[in-house]
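Any read-out appearing in this document is the output of simple, stated calculations on the displayed coordinates, not a laboratory observation. Note that this is a predicted model, so its numbers are computed, not measured. Here the Cβ positions follow ideal geometry from the backbone for every residue, glycine too, while neighbour counts run over all protein chains shown.
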Amino acid sequence: MNGRANWREWLARWSDEWVRSAEPAELDPEVQRDRWLGFAPASEEAVAAAEARLGYTLPPSYREFLLTTDGWRNAGMFVWRMRDTSNLGWLRDIEPFWEESWEDADDDFDEDLGDESADEDSPSDNKFSRGLLISLQADAGILFLDPGDVDENGEWAAYSLFSWRAAPPTRFPSFTALMEDLYAEFHQMRKPAGETRDSWDVKVEQARLDALAGDVDGASAVLEKAEEFGRIRATVLRVQLELLLGNDYQAGMLLSRLLHPGFMPDGWLTDPLFTEELMPWLLDQHAKTPGYRNSILQSALIGEQPDIQLAIAEGQARLRNSGTSFGNPEFDTLIRQALQEHAADPDALWHAARAAMAHWRPRTVDHLAPIILLTNPDLAQALTRERGHELLSIPRGER
């Protein structure tokens, strides 16, 4: 975020979306009246006084933020109030127990994050001992800035840490990046209508077209970001790419989300993309899961889930009665012929399957690739990660 005008415009949008998506009981009367989650801007004198008290010049993005609003309400879903120029302070002085909880892990996550300042840290000089606490009220968590980790633009690394996540602090390259993540979190959980949601829906549709045109890497990057903003269609599209790229663990996480009642798209359990492509893969994954672990389907059935239970029963009956269909008739015929002729030769089978892609057609508008191929053991062996990427790089037919 560059400059006060940009901060003001973006924060005004955030505020308006929050007000429109919140329950009346959640709204401070002042916020409801002004449609503004912030406060009056800090004066230059107030910021300078805070800097003099702290002994540091604040990083540019955070300084401009304070000059736009001296404090903030509802940063994401778990930080209810941020500090202002009057109560900014060092984490070691205000909430020192965070350092005690994480000091042993500090070096570990420094290495994981590639933090160049890690080698300079000592037991008395680490992110917690030198961190500037910028959150005031949060759900068992904190936001802080690290003046010992500064980039070429003068931006301090920013961190979020919540004890209930049971994970190390999440690092961001700047205060702006931290706020963008909190904004995305709000969108993921509330899905407010407005310009931001609409713009991401446009990007998801373009990513779908790009994926069908063969730009798998570009589409994947857009879809992953769209998921951060709660666009569940992006998950429907991305899970198909992850499966063919051989990223089964990541794909399993995405499928679990699509089977969760809070995220499941309308009509998902009867969508042909799910029933004819993803359900067979899920049943295959279930059959291969060791007994000491839950499969994705078993996890999805925890609690009362009669709709999912019915979808599983119907999927099992469909496979028993009709067997596997590889898709539209032309493609199905070519794949069956390839299996008859080349089942014992993975390389020949791959080349035949690749040639058949010219005749593949999606089952639905959001169908990106023939996931069903992965349920056949011979085809699954032939489709290495590299070949999965190559298959996705082939321009494919629109429905």
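Tell me which of 75, 55, 98 sits at the most positive position along the dipole axis of region 53-100, charges placed on C-beta atoms (Lys, Arg +1; Asp, Glu -1).
The Cα lying farthest towards the positive end belongs to 75.
For region 173-215 and region 346-393, what is the separation of their C-alpha centers, rounded to whole Å?
The two parts, judged by their Cα centres, are 29 Å apart.
Using the Cβ atoms and a cut-off under 13 Å, what net charge is assigned to the surroundings of residue 356, where Lys and Arg are +1 and Asp and Glu are -1? Write down the numbers at each step before the final one.
Values: positive: 336, 354, 361, 396; negative: 330, 332, 341.
Neighbourhood net charge equals +1.
Name the residue from 297, 373, 393 whose Cα lies farthest towards the positive end of the charge dipole of region 254-399, charges +1 on Cβ of Lys and Arg and -1 on Cβ of Asp and Glu.
In region 254-399, that residue is 297.
Mind pulling the per residue volume of the convex hull built on the Cα atoms of region 1-105? Å³ is fine.
On the way: hull volume 14.4 nm³, N = 105.
For region 1-105, the hull spanned by Cα atoms encloses 138 Å³ per residue.
Mind checking the alpha-carbon convex hull of region 148-306 and giving the volume per residue in Å³?
Details: hull volume 27.5 nm³, N = 159.
Cα convex hull per residue, to the nearest whole number: 173 Å³.
For the chain, what is the charge dipole size about the Cα centre, in debye to the nearest 20, if Lys and Arg each add +1 at the Cβ and Asp and Glu each add -1 at the Cβ? Could the numbers behind the result be given before it?
Values: 38 positive and 71 negative charges, 398 e Å.
Value, rounded to 20: 1900 debye.
If you put +1 on each Lys and Arg Cβ and -1 on each Asp and Glu Cβ, how big is the dipole of region 1-98 around its Cα centre, in Debye rounded to 20?
So the magnitude is around 140 debye.
Helix 3-21 versus the longest principal axis of the chain: what is the Cα-based angle in degrees, 0 to 90, to the nearest 10?
60 degrees
For helix 175-190, what angle does its Cα long axis make with the longest principal axis of the chain, in degrees from 0 to 90 and rounded to 10?
50 degrees
Net charge near residue 133: determine it from the other residues with C-beta under 13 Å of the C-beta of residue 133, scoring Lys and Arg +1 and Asp and Glu -1. Intermediate results must be reported in sequence, preceding the final value.
On the way: positive: 81, 83, 92, 127, 130; negative: 84, 93, 95, 99, 146.
Net local charge, residue 133 excluded: 0.
So how many Å³ per residue does the convex hull of the Cα atoms of region 146-216 work out to?
Numbers: hull volume 11.0 nm³, N = 71.
Taking only Cα atoms, region 146-216 has a hull volume of 154 Å³ per residue.
I want to verify a result. In a Gaussian network model of the chain, Cα cutoff 10 Å, which of these has the top mean-square fluctuation: 279, 77, 253?
Largest GNM mean-square fluctuation: 253.
Hey, what does the equivalent ellipsoid look like for the chain, semi-axes from the Cα gyration tensor as sqrt of 5 times each eigenvalue, largest first, whole Å? Intermediate results must be reported in sequence, preceding the final value.
On the way: eigenvalues 455, 107, 82 Å².
The three semi-axes for the chain are 48, 23, 20 Å.
Scaled to the compact-protein estimate 2.2 N^0.38 Å, what is the alpha-carbon radius of gyration of region 185-247, rounded to two decimal places?
Working: Rg = 11.5 Å, N = 63, 2.2 N^0.38 = 10.6 Å.
Here the Cα radius of gyration is 1.09 times the empirical estimate.
Do the sum for the chain: with -39,500 (n - 2.57) for every DSSP H run of n ≥ 4, divided by all residues, what is the mean residue ellipticity at 222 nm, to the nearest 500 deg cm²/dmol? Working shown, then result.
On the way: 19 runs with 212 residues, N = 399.
It lands at -16000 deg cm²/dmol.
Projecting each Cα onto the charge dipole of the chain (Lys/Arg +1, Asp/Glu -1 at the beta carbon, about the Cα centre), which of 41, 325, 230 comes out farthest on the positive side?
It is 325.
For region 205-329, give the magnitude of the charge dipole about the Cα centre (Cβ charges: +1 Lys/Arg, -1 Asp/Glu; no others), in debye to the nearest 20. Don't skip to the end; give the middle numbers.
Working: 10 positive and 17 negative charges, 64 e Å.
In debye, rounded to 20, region 205-329 gives about 300.
Within 13 Å, Cβ to Cβ, of residue 311, how many net charges do the neighbouring residues add up to if Lys/Arg are +1 and Asp/Glu are -1?
Numbers: positive: 318; negative: 271, 276, 307, 314.
Here the count lands on -3.
Over all pairs of distinct alpha carbons, what does the Kirkwood formula give as the hydrodynamic radius of region 227-371, in Å?
On the way: mean 1/r = 0.0611 Å⁻¹.
Kirkwood radius, region 227-371: 16.4 Å.
Taking only Cα atoms, what is the 0 to 90° angle, nearest 10, from helix 97-113's long axis to the longest principal axis of the chain?
Helix 97-113 and the main axis of the chain meet at about 50 degrees.
Which ³J(HN,Hα) values, rounded to whole Hz and listed in residue order, are derived for region 156-164 from phi using the Karplus coefficients 6.51, -1.76 and 1.60 in 6.51 cos²θ - 1.76 cosθ + 1.60 with θ = phi - 60°, glycine and proline given as x?
My calculation for region 156-164 gives 8, 4, 10, 9, 10, 8, 10, 4, 6 Hz in order.
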